[in-house]
Amino acid sequence: MTSVLILNGPNLNLLGTRQPEVYGTTTLNDIETLCKDHAEATGMTMEFCQSNHEGALVDKIHEARGRHAGIILNAGAYTHTSIALMDAISSVELPAIELHLSNVHARESFRHQSYIARVAIGLICGFGARGYVLAMDALKDHVER
């Protein structure tokens with residue numbers, strides 16, 4: 001059974017109320033439920049976490065080694081700034097997918113830079129909460145090949 005860590009970064013705990021014109025009205029709890037339901041339907045297991053603290057995210061990535069087959073990471077703003085998260089993903093040698101609710105390439109130019117993309121097997125952005133399900137399917141397919 002494929003096990004996946006779904007890790008969410010800063011400010012994602014405010015989904016549903018934070019900039020709904022960009023991120024929609026779906027809450028992080030709604031997304032977690034969506035992911036749990038999809039995991040059950042597809043024979044996967046998952047751990048779903050969120051932190052506003054870079055070091056806590058690094059710790060969760062380290063803990064994934066030997067526990068999960070891969071990582072789905074919505075690093076939020078840390079995508080564009082965190083060499084530490086990039087190094088952590090590289091260090092654990094697990095496939096990772098970078099995920100964003102909005103299409104970061106259609107937004108401000110600083111959002112076009114990603115340290116995570118350098119070590120990810122792929123990127124899913126712009127599909128809102130549905131992107132999590134797409135990432136789960138992509139990671140499962142990658143691991144099972």
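Details
- Within the shell defined by Cβ-Cβ distances under 15 Å, the residues around Cys35 carry a net charge of -3, with Lys and Arg each +1 and Asp and Glu each -1.
- Remark: region 1-50 carries a charge dipole of roughly 120 debye about the Cα centre, counting +1 on each Lys and Arg Cβ and -1 on each Asp and Glu Cβ.
- Net charge of Cβ neighbours under 13 Å - reference Ile97; Lys, Arg +1; Asp, Glu -1: -2
- Here the chain is assigned +1 on the Cβ of each Lys and Arg and -1 on the Cβ of each Asp and Glu. Its dipole about the Cα centre then comes out at about 200 debye.
- Kirkwood analysis of the chain, using all unique Cα-Cα pairs, places the hydrodynamic radius at 14.9 Å.
- In plain terms, the bigger the Kirkwood radius, the slower the diffusion; for region 64-135, with that radius from Cα pairs, at 37 °C and 0.692 mPa s, Stokes-Einstein puts D at 267 µm²/s.
- Span from the region 10-34 Cα centroid across to the region 38-93 one, whole angstrom: 18
- Largest GNM mean-square fluctuation among Arg118, Arg18, Arg107, using the chain with Cα springs under 10 Å: Arg107.
- Helical mean residue ellipticity (222 nm; -39500 (n - 2.57) per DSSP H run of 4+; nearest 500) of the chain: -11500 deg cm²/dmol
- For region 114-127, putting each phi into the Karplus relation 6.51 cos²θ - 1.76 cosθ + 1.60 with θ = phi - 60° gives couplings of 9, 6, 5, 4, 5, 10, 8, 7, x, 9, 10, 8, x, 9 Hz, in residue order, rounded to whole numbers and with x for Gly and Pro.
Just so you know, all these numbers are worked out from the coordinates, no wet-lab data involved. Not measured: the values here are computed from a predicted model. Don't worry about glycine lacking a Cβ; one is built from the backbone with ideal geometry, like all the others, and counts go over all protein chains shown.
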